[in-house]
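Beneath this line is the structure, given in structure tokens, with notes to follow.
The values are calculated or read from the model by the stated rules, or taken from the named source; none is laboratory data. Please read all numbers here as calculations on a predicted model, not as lab measurements. Using ideal geometry, Cβ is built from the backbone for each residue, glycine included, and neighbour counts are taken over all protein chains shown. Areas reflect the complete protein model, heavy atoms only, side chains present, ligands, DNA and RNA absent. Shrake-Rupley method; radii C 1.70, N 1.55, O 1.52, S 1.80 Å.
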Amino acid sequence: MPLSRLNEEQYAAATSSSNQNLIIASAGTGKTSTIVGRIAYLLNSGIAPQEILLLTFTNKAAAEMVARVAEYFGADVAKRIDAGTFHAVSYRWLKKRDKRVVLKQQRELKTLFRSVFEKRSFMHIDADVQPYGGNYLYDLYSYYQNTELEKHFESWLVENYPEHELFAMIYADVVDEFEALKKEYGFLNFNDLLLEFRKMAKEAELGYKEVLVDEYQDTNALQGTLIDAMNPPSLFCVGDYDQSIYAFNGADITIIGSFTKKYPDAVVHTLTKNYRSTMPILSLANKVIEINERIYPKKLEVTRNYDAELPKLLAFDELFDQYHGVADKISQTATPREEIAVIFRNNSSADGIEVGLRELGINCKRKGGTSFFDSREVKAVLDLYTLLVNESDMMAFIHLFEFARGIGSAMAKELYIALKSLGHGSMFYGLYAPDESQKNPFEKRKLNHQLGLFDDFLELGAVGKYAKLGFESKFMKNPILKHPKLTKESATFLHNFYLLFRDLKGIKQPRTIVRKIADSELFKYISEYLSTKRATLKDGSIDEKQKEESMVRISRKMLLLQDLAKPYSEHDRFLNAMILGSSDLTQGEGVNLLSVHASKGLEYKEVYVVDLMDGRFPNRKLMQRGGSLDEERRLFYVAVTRAKDILYLSYAKYDKIKKQNFLPSQFLYEAGLVAKDENYRALVMKEEKEED
């Protein structure tokens with residue numbers, strides 16, 4: 001049984017009779033075993049599996065824990081446990097209530113947000129402060145949703161960014177129109193899932209006897225209020241304040257820090273035995289992290305008592321020498337490639353390492369930079385597939401038509417709304433059987449200078465300019481072609497869109513759909529567009545070899561996407577897997593290239609933490625945008641404690657491209673790997689000055 005394998009501390013936590021438990025589980029102390037042990041204890045105590053809710057940071061973590069429960073209690077019992085991320089659990093509950101829920105990823109709704117934002121003009125406001133761009137304003141609004149529980153967006157913005165008070169009314173109006181559009185089309189983003197589920201939890205009993213929360217230190221204010229709304233009879237929270245690294249996403253370390261104030265009768269359990277790292281690695285990690293303020297007292301014990309390698313410092317004269325040097329080290333080690341990780345704070349670091357490894361013929365896979373599912377070509381295929389399943393998904397349409405030259409998100413939205421108007425509510429009817437009696441299907445904007453609204457729509461255009469393009473005669477009669485800003489190229493894009501969806505009609509197999517999309521003229525245009533863009537040099541010329549390589553990479557991704565579609569026979573299941581599960585899927589094999597955030601919860605025999613220079617790690621730019629040295633120090637702690645046996649910390653002294661000198665990271669001084677000198681004192685004084 002899982003309980004028989006626990007040490008004394010883990011067992012005490014797993015079998016606690018308290019209704020509120022906080023388990024401080026430092027890196028490598030067996031938090032997963034403790035959570036599985038707790039679930040076993042609950043099941044043995046007569047709690048039904050469906051009365052247990054397990055909230056994890058990733059769906060992969062939830063699946064692994066449920067699989068371990070299944071080993072002892074059987075798959076039938078384990079699968080009845082409600083387990084997953086806050087978002088996945090919320091999505092399942094909301095789907096039960098309303099099958100029409102349409103979940104959209106942040107990047108998709110950001111496009112919709114831009115389509116609203118682009119219709120605003122800030123020209124009439126005379127101000128020294130430049131208004132935010134659409135993308136940044138969307139991120140700011142998302143942060144607001146995660147952290148602010150009471151104030152309206154406009155009030156919150158004025159309070160936190162007073163220099164933008166002149167624009168606040170326009171910003172707030174953009175948000176209001178954006179939310180109205182989401183409601184009209186039934187779109188929910190990840191924040192909306194939690195907000196809607198919180199309402200549901202307040203209004204009805206969910207039936208959980210105990211809620212277990214993993215990675216509790218990274219809970220944000222919204223997630224915290226969701227737990228409050230559930231108000232479970234028993235709460236079991238597991239986390240480590242030294243590994244709280246998601247402040248940029250609204251994570252609030254005070255939630256774990258104030259647990260005993262919120263629940264005066266709570267019991268705090270501390271797991272102190274580290275089963276992962278050797279004594280020298282753990283000693284270095286503790287030496288640095290102990291500089292941060294202690295919220296709960298703890299002292300880790302090492303269980304692996306044998307001679308171990310000391311962490312090694314790698315110092316290089318030049319930045320790219322570092323990347324090649326680390327790659328060379330990896331080429332000479334006896335450690336299996338899959339057991340090696342290179343951990344970076346900034347994506348540019350990973351680019352250099354990846355090039356160095358490829359030059360030596362060493363395979364690698366990257367997580368934390370641009371993933372397979374974040375690539376624009378994969379997004380395009382999934383957007384096309386989404387429209388096939390749900391033609392009401394305006395966002396997928398807008399996102400696609402941004403590829404067409406001359407069509408931005410605002411114009412794409414105009415085309416979509418016009419097609420719906422021509423089809424009396426159906427975009428596809430508007431495309432294939434339009435109401436030709438409508439002379440002008442395009443909406444005119446209502447002027448409102450105070451809210452930045454303006455009317456730039458001119459007279460309708462003539463369709464004669466498309467006569468020699470070989471469009472189908474039926475398509476040529478569509479009033480949509482009268483949009484005055486439509487060019488021959490963008491009209492051809494629309495025609496190819498028309499041809500593709502005519503060919504996709506009636507196909508049932510997801511794999512066949514993906515293949516037909518990849519083979520279509522529309523997708524060939526998208527591939528050409530992306531490859532040309534990626535191969536364009538600074539002087540505007542095209543590197544043909546680079547373009548050809550890009551086309552090959554896109555083709556490979558399409559084959560991989562077809563393989564991913566193989567197990568599915570239903571469109572909805574395939575799309576949901578791609579949207580909700582994509583962050584847990586990785587591509588390739590070999591050495592692991594990981595951002596610090598992506599490395600969380602993982603462990604490797606041999607670890608390289610690179611670019612440990614002041615400014616890069618700690619990242620001073622992010623610190624100035626609301627981060628802190630404490631947070632950067634926690635990131636360093638997480639990176640270092642991924643190592644089980646071998647740890648390398650590397651830095652460079654100079655960047656020849658930027659002609660920039662570097663000082664070693666403050667953390668290298670704190671770890672005792674670099675002697676404290678005048679440079680260190682300068683760094684400390686700089687930090688104290690920034691805090692003041």
In segment 130-143, anything open to solvent by 20 Å² or more (accessible area, probe 1.4 Å) and closer than 15 Å to Arg625 by Cα is listed as Tyr132, Tyr136, Asp139, Tyr143
When every residue in segment 15-42 that is under 26 Å from Gly74 (Cβ atoms) and out of contact with any strand residue (DSSP E or B) (no Cβ under 8 Å at 6 or more places or on another chain) is compared, the one surrounded by the most Cβ atoms within 10 Å (Cβ to Cβ) is Val36
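Criterion first (part of a helix (DSSP H, G or I) and either in contact with a strand residue (DSSP E or B) (Cβ under 7 Å, 6 or more places away or on another chain) or closer than 26 Å to Thr147 by Cα (or both)) does Leu235 satisfy it? Steps first, please.
Working: part of a helix (DSSP H, G or I): no; either in contact with a strand residue (DSSP E or B) (Cβ under 7 Å, 6 or more places away or on another chain) or closer than 26 Å to Thr147 by Cα (or both): yes.
When the stated conditions are applied, Leu235 does not pass them.
Do you know which residues across segment 171-187 are open to solvent by 10 Å² or more (accessible area, probe 1.4 Å) and either of a type outside the set (Asp, Glu) or touching a residue at least 12 places away in the same chain (Cβ under 8 Å) (or both)? Show your work before the answer.
Of segment 171-187, the ones open to solvent by 10 Å² or more (accessible area, probe 1.4 Å) are 173, 176-177, 179-181, 183-186.
The answer is Asp173, Glu177, Ala180, Leu181, Lys183, Tyr185, Gly186.
Considering only residues that are in contact (Cβ under 8 Å) with a residue 12 or more places away in the chain, open to solvent by 50 Å² or more (accessible area, probe 1.4 Å) and under 31 Å from the mean Cα position of the chain (by Cα), which ones fall in segment 645-662?
At the first step, the residues of segment 645-662 found to be in contact (Cβ under 8 Å) with a residue 12 or more places away in the chain are 645-657, 662.
Imposing the further condition that a residue be open to solvent by 50 Å² or more (accessible area, probe 1.4 Å) reduces the set to 653-654, 656-657.
Ile657, the sole residue that qualifies.
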Pairs returned, first residue in segment 188-201 that is surrounded by fewer than 20 Cβ atoms within 10 Å (Cβ to Cβ), second residue that is not in a helix (DSSP H, G or I), beta-carbon separation under 7 angstrom, 6 or more apart or interchain, are Glu196/Leu188
The residue that is farthest from Gln10 (Cα to Cα), considering only those in segment 301-316 that are modelled with pLDDT under 85 and touching a helix residue (DSSP H, G or I) at 6+ places or on another chain (Cβ under 6 Å), is Ala308
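A quick yes/no check of all residues on (1) in contact (Cβ under 8 Å) with a residue 60 or more places away in the chain; (2) buried (at least 19 other Cβ atoms within 10 Å of the Cβ); (3) assigned to a helix (DSSP H, G or I); (4) hydroxyl-bearing (Ser, Thr, Tyr):
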residue	(1), (2), (3), (4)
Lys465	no, no, yes, no
Lys468	no, no, yes, no
Lys474	no, no, yes, no
Ile480	yes, yes, yes, no
Lys485	yes, no, no, no
Glu489	yes, no, yes, no
Leu494	yes, yes, yes, no
Tyr498	yes, yes, yes, yes
Asp503	no, no, yes, no
Within segment 390-436, of all residues that are within 28 Å of the chain's Cα centre (by Cα) and polar (S, T, N, Q), the one surrounded by the fewest Cβ atoms within 10 Å (Cβ to Cβ) is Asn390
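Kindly indicate whether any position in segment 59-79 is closer than 30 Å to Glu179 by Cα and touching a Gly at 6+ places or on another chain (Cβ under 7 Å).
Yes, because at least one residue in segment 59-79 is closer than 30 Å to Glu179 by Cα and touching a Gly at 6+ places or on another chain (Cβ under 7 Å).
Tell me the strands (runs of 3 or more DSSP E) entirely within segment 285-389 that contain at least 2 residues that are surrounded by fewer than 18 Cβ atoms within 10 Å (Cβ to Cβ).
Because the criterion is at least 2 residues that are surrounded by fewer than 18 Cβ atoms within 10 Å (Cβ to Cβ), the strands (runs of 3 or more DSSP E) in segment 285-389 that meet it are 312-316.
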Among the residues of segment 230-250, the number that are open to solvent by less than 20 Å² (accessible area, probe 1.4 Å) and hydrophobic (A, V, I, L, M, F, W, C) is 5
Expected output for segment 507-519 (first residue over 16 Å from Glu377 (Cα atoms), partner of a type in the set (A, V, I, L, M) and open to solvent by less than 20 Å² (accessible area, probe 1.4 Å), Cβ below 7 Å, 6+ apart or cross-chain) is Ile507/Ile513; Pro510/Ala565; Arg511/Ala565
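Out of the residues in segment 624-633 that are assigned to a helix (DSSP H, G or I) and open to solvent by 20 Å² or more (accessible area, probe 1.4 Å), state the one that is farthest from Tyr604 (Cα to Cα).
Kept after step one, since they are assigned to a helix (DSSP H, G or I), are these residues of segment 624-633: 624, 629-633.
Subset that is open to solvent by 20 Å² or more (accessible area, probe 1.4 Å): 624, 630.
Values: Gln624: 32, Asp630: 25 Å.
Applying the filter and picking the extreme gives Gln624.
Conditions tested, residue by residue: (1) touching an Asp or Glu at 6+ places or on another chain (Cβ under 8 Å); (2) open to solvent by less than 20 Å² (accessible area, probe 1.4 Å).
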residue	(1), (2)
Ala577	no, no
Asn592	yes, yes
Val607	no, yes
Gly615	no, no
Lys621	no, no
Leu635	no, yes
Val640	no, yes
Glu670	no, yes
Tyr680	no, no
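Just for segment 146-170: of the residues that are of a type outside the set (A, V, I, L, M) and either in contact (Cβ under 8 Å) with a residue 40 or more places away in the chain or touching a strand residue (DSSP E or B) at 6+ places or on another chain (Cβ under 9 Å) (or both), which one is surrounded by the fewest Cβ atoms within 10 Å (Cβ to Cβ)? I'd like the intermediate steps shown before the answer.
Within segment 146-170, the subset of a type outside the set (A, V, I, L, M) is 146-148, 150-156, 159-165, 167.
Still in the list and also either in contact (Cβ under 8 Å) with a residue 40 or more places away in the chain or touching a strand residue (DSSP E or B) at 6+ places or on another chain (Cβ under 9 Å) (or both): 146-148, 167.
Numbers: Asn146: 19, Thr147: 16, Glu148: 18, Phe167: 23.
Applying the filter and picking the extreme gives Thr147.
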Counting only residues in segment 541-570 that are touching a residue at least 40 places away in the same chain (Cβ under 8 Å) and either in contact with a Leu (Cβ under 6 Å, 6 or more places away or on another chain) or not in a helix (DSSP H, G or I) (or both), the one most open to solvent (accessible area, probe 1.4 Å) is identified as Lys566
Review point. Is it the case that segment 44-58 has a residue that's under 18 Å from the mean Cα position of the chain (by Cα) and either under 30 Å from Tyr416 (Cβ atoms) or hydrophobic (A, V, I, L, M, F, W, C) (or both)?
Key: yes
